[in-house]
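Rule-based calculations on the coordinates, nothing more; no lab input. Values in this document were obtained by computation on a predicted structure and should not be read as measured data. Here Cβ is always computed from backbone atoms with ideal geometry, including for glycine, and neighbour counts include all displayed protein chains.
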Amino acid sequence: MTQAKSRFKTIDEYLNYDDGTNARYELVNGALIELPNEDPHNLIIARFLLIYFVTQMGISLERVGDKQQIAVNSSEVTAREPDLTVHSEASVTALLTQTQSLLAINMPPPLLVIEVVSPGNPGSGNYDRDYVEKAKEYAARGIPEYWLVDPGRRIVIVLTLENQTYKGQEFRGNDAIASPTFPSLRLTAEQILAAGQ
């Protein structure tokens with residue numbers, strides 16, 4: 001269960017906050033939201049994709065990150081932590097100048113963010129956060145591609161930025177994932193989803 005903690009007006013306040021625990025947080029509209037422990041299957045899916053992008057797509061390890069935060073446009077200061085981020089050369093160069101693993105709002109966007117969706121139905125916190133809120137924020141941030149990997153629904157959704165909004169394409173079973181950002185990608189929805197079983 002997520003719970004709100006302190007309020008922050010700036011990213012710097014958030015980055016300097018230490019509550020003395022190992023808890024993971026996202027900053028959402030100025031509020032510190034504690035993230036629940038990840039489902040082990042979701043972690044395996046994210047790691048499978050990280051390994052795939054490095055070994056099969058030839059993307060350098062420094063450009064593929066897990067648990068890196070991205071400042072996004074929202075009504076108040078917000079930093080999201082996607083399950084996987086694939087950086088452009090420009091965004092990884094900017095990130096590597098930082099002392100903390102946060103891509104600031106004034107830095108170039110990554111090429112792709114991936115969220116492995118936690119269980120939840122439309123209208124639930126998990127669903128709305130990944131499918132609605134983050135989609136709006138990542139689009140406003142100018143991230144060209146956003147994937148929703150949903151093990152519960154057995155679907156991978158590739159959202160592609162067009163005119164500042166995302167257009168989605170759904171992939172199930174043996175459907176080959178079509179990625180405009182990575183046209184040489186050779187993965188099916190089932191290969192991704194089966195990694196977590």
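Key figures for this structure:
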item	result
Assigned charges on the beta-carbon of Lys, Arg, Asp, Glu; the chain dipole about Cα centre (debye)	240 debye
Two-decimal log10 I(q)/I(0) for the chain, as the Debye equation yields it once each C-alpha is a single scatterer, q = 0.12, 0.18 Å⁻¹	-0.57, -1.36
Nitroxide proxy distance, nm - points 7 Å out along Cα→Cβ at Lys136 and Thr55	4.0 nm
Segment Thr181-Arg24, extension gain: residue separation times 0.36 nm, minus the distance between their alpha carbons	53.6 nm
Value of [θ]222 nm, deg cm²/dmol, for the chain, DSSP H segments ≥ 4, -39500 (n - 2.57) each, nearest 500	-5500 deg cm²/dmol
The range 38-194, relative contact order [Cα under 8 Å, separation at least 6], %	17 percent
For Val92, net neighbour charge (Lys/Arg +1, Asp/Glu -1) across residues whose Cβ lies under 10 Å away	-1
Gap separating the Cα centres of the range 60-98 and the range 141-191, nearest whole Å	19 Å
Charge sum, other residues only, whose C-beta stays under 15 Å from Gln164's C-beta, Lys/Arg counted +1 and Asp/Glu -1	0
Share, in percent, of DSSP beta bridges within the range 18-139 that are antiparallel, nearest 5	85 percent
Within-14-Å neighbourhood charge of Asp66 [Cβ basis; K, R +1; D, E -1]	0
